[in-house]
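As structure tokens, the structure follows; a few thoughts come after it.
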Amino acid sequence: MMGLNGDVVLVISDFVIAETKKNLEKTAPGTLKYFDVVLSMVPFEVIHSPESTSEAEQIVARKDAPIVAAAKRANINGLISLDKKHILSNPNIAEFINAPAITPKEAFEMITGGL
């Protein structure tokens with residue numbers, strides 16, 4: 001609830017929103033309306049992915065570069081991901097965005113102090 005009451009700023013990129021909607025439309029179209037409800041209720045700060053992702057493409061696959069580039073632009077404390085293969089296991093991302101790439105569980109522990 002910390003993100004809802006303003007203690008934590010939840011940042012999401014426009015690219016992640018678009019990709020999530022595209023994937024939900026393909027795999028679970030009935031859930032798209034619930035995603036839209038979450039977007040309308042949770043006070044996300046939406047960060048626009050940079051036009052050029054060439055710098056990020058030097059350390060991650062082209063498909064992930066908009067996410068990493070937006071994370072760098074947003075000056076975040078952590079990039080939350082479930083992508084173990086491309087994001088979480090890539091040590092270059094933390095250096096590039098100046099923050100760790102972490103799982104949702106790790107983010108929760110970071111925010112709550114491990115409660």
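Computed from the coordinates by the stated procedures, all read-outs in this text should not be read as laboratory data. None of the values given here were measured: they were computed from a predicted structure. As a convention, Cβ positions derive from the backbone with ideal geometry for all residues, glycine included, and neighbour counts pool all protein chains shown.
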For segment 43-86, alpha-carbon Rg relative to the globular expectation (2.2 N^0.38 Å, N residues): 1.13
Long-range HN-HN contacts of Ile80 with modeled amide H, under 5 Å: Ile102
Nonlocal amide H pairs with Ser13, under 5 Å, H built at 1.01 Å: Ile47
Separation between Cα centres of segment 22-78 and segment 81-103, rounded to whole Å: 14
Listed pairs Lys21/Lys63; Lys26/Lys105; Lys63/Lys84 exceeding 19 Å between Cα atoms: Lys26/Lys105
Relative contact order (%) - the chain, alpha-carbon pairs under 8 angstrom, separation at least six: 22
Straight-distance crosslink candidates among aspartates and glutamates, where the alpha carbon sits under 20 Å from Lys72 and sequence neighbours closer than 8 are dropped: Asp14, Glu19, Glu45, Glu51, Glu55, Glu57, Asp64, Asp83, Glu95, Glu106
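Taking the highest mean first, how do the peptides 41-48, 76-83, 88-95 order by number of other beta carbon atoms within 10 angstrom per residue? Write out the running numbers ahead of the final one.
Numbers: 41-48: 13.0, 76-83: 17.8, 88-95: 14.9.
Result, highest mean Cβ count within 10 Å first: 76-83, 88-95, 41-48.
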Whole-number D in µm² s⁻¹ for the chain, Kirkwood Cα-pair radius fed into Stokes-Einstein, 20 °C, 1.002 mPa s: 143
In sequence order, calculated HN-Hα J values of segment 83-88 (Karplus, 6.51, -1.76, 1.60; Hz; x Gly/Pro): 7, 5, 5, 10, 9, 5
